[in-house]
C-alpha cells in the first residue's frame, strides 16, 4: 500500500475502507482479517476506526481479545472509547445469557445468535474481564470523563446492580449535559427504578436533547404516572419531541383513548409527526392484538 500512498494518505484510505465495511454491515473473512490487522496498527486514528468497525465482527477469533486490550491499555482515550463502544454488546449478551441476573428487567433483547465464541465457553471470561475494566474506569477518579461516560453506557445493561445505580445518580446530578444524557440513556434500560428522575425531566422547558432522551427512556416503562407526564407533552411545539412522545406512548400502552389520539396526530401538519403517528398506530395495534390473544387464548404468544 505504501508504494501508492503517502503516509498521510494511507491512514485516510484505511479509515475510509473501515467506514465502508461498517456501513455495509456484511463482513467477509478478508474484511475481518483487515480489521484484525488495523486493531494493531501504530496510528491511533486507525486503531480507533478499526475498534468501531469491529462491533460487527465481535465474536470472530481474537477480535474481543484485541478490543479488551485496547479498552484497558491503549494510550489514546479516543481508542479506548471506541473499543468500549463496540464491546457494549458483550454486556448485553451476558445479560441475555443469564451471566447476570437483572431482576425486574423490562427491556427486550435481540434474539441471541449461535456464535461459536459463546459455545466454546470463553464468553464468560471475556465478560468478566470487560466488567472488571468498566468497574475500574468508573472507580478511578482520575479517569477521563468521556471515558467514564462510555463505560457507564456499557454498564447500563447491568443497571440492576447497586454500584451501577449509584454511578447513574452521580452522572444525572452532573452539570454537564453529556453526563446527564448518558445517565438518562442508562435509566431507559430499567425505567422502573427511575420513575421520579424521569418524571422530573418530562417538562416542556427541559432542554430538547435531555427531554428527548428522557422520553426515549420511558419507552419500556409501564408507569401510568410517566404516561400522564408524556400526555402533557402532546402539545409540544417541536415535531421531533412530539414524534418521540407518540412512539413512547404507543409502546407503553397506558393511555386512555390512545388509538384516537394517534389517529388525530396521523393528520398532523408536520410530515415527521404523521410518520411517527402511523408507526405508533402499528405498535399500538400489535400490542392490543397480542393482549387480546393472551386474554382469550392463553399461551398463544409463545
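Side notes on the structure shown:
- Matching residues in the range 12-21 - criterion: being farther than 14 Å from residue 47 by Cα and either touching a residue at least 24 places away in the same chain (Cβ under 8 Å) or touching a helix residue (DSSP H, G or I) at 6+ places or on another chain (Cβ under 8 Å) (or both): 21
- Count of residues meeting criterion [more than 19 Å from the chain's Cα centre (by Cα) and outside any loop (DSSP other than H, G, I, E, B)] in the range 209-229: 6
- Residue in the range 233-240 that is buried (at least 19 other Cβ atoms within 10 Å of the Cβ) and assigned to a helix (DSSP H, G or I) present: no
- Summed over the range 130-161, the residues that are under 15 Å from the mean Cα position of the chain (by Cα) and in a helix (DSSP H, G or I) give a count of 10.
- Pairs linking a residue in the range 83-106 that is under 17 Å from residue 193 (Cβ atoms) to a residue that is part of a helix (DSSP H, G or I) and modelled with pLDDT of 85 or more, with Cβ atoms under 7 Å and 6 or more positions apart or on different chains, are 95/157; 100/94; 100/158; 102/95; 104/192; 106/191; 106/192.
- Residue 184 being at pLDDT 95 or above, touching a helix residue (DSSP H, G or I) at 6+ places or on another chain (Cβ under 8 Å) and not in a loop (DSSP other than H, G, I, E, B): yes
- Selection from the range 24-62 of residues that are part of a helix (DSSP H, G or I) and under 14 Å from residue 88 (Cα atoms): 51, 52, 53, 54, 55, 56, 57
- Residue within the range 190-202 that is closer than 22 Å to residue 264 by Cβ and touching a helix residue (DSSP H, G or I) at 6+ places or on another chain (Cβ under 8 Å) present: yes
- Answer residue from the range 260-280, given it is assigned to a helix (DSSP H, G or I) and in contact with a helix residue (DSSP H, G or I) (Cβ under 6 Å, 6 or more places away or on another chain) and is surrounded by the fewest Cβ atoms within 10 Å (Cβ to Cβ) among those: 272
- Of all residues in the range 162-192 being surrounded by fewer than 23 Cβ atoms within 10 Å (Cβ to Cβ), without any contact (Cβ under 8 Å) to a residue 40 or more places away in the chain and within 19 Å of residue 220 (Cα to Cα), the one that is farthest from the chain's Cα centre (by Cα): 165
- Meets criteria (over 17 Å from residue 79 (Cβ atoms), under 24 Å from the mean Cα position of the chain (by Cα) and surrounded by fewer than 18 Cβ atoms within 10 Å (Cβ to Cβ)) for residue 60: no
The values are calculated or read from the model by the stated rules, or taken from the named source; none is laboratory data. Everything numeric in this text was worked out from a predicted model, so none of it was measured. Cβ atoms come from the backbone with ideal geometry, glycine included; neighbour counts cover every protein chain shown.
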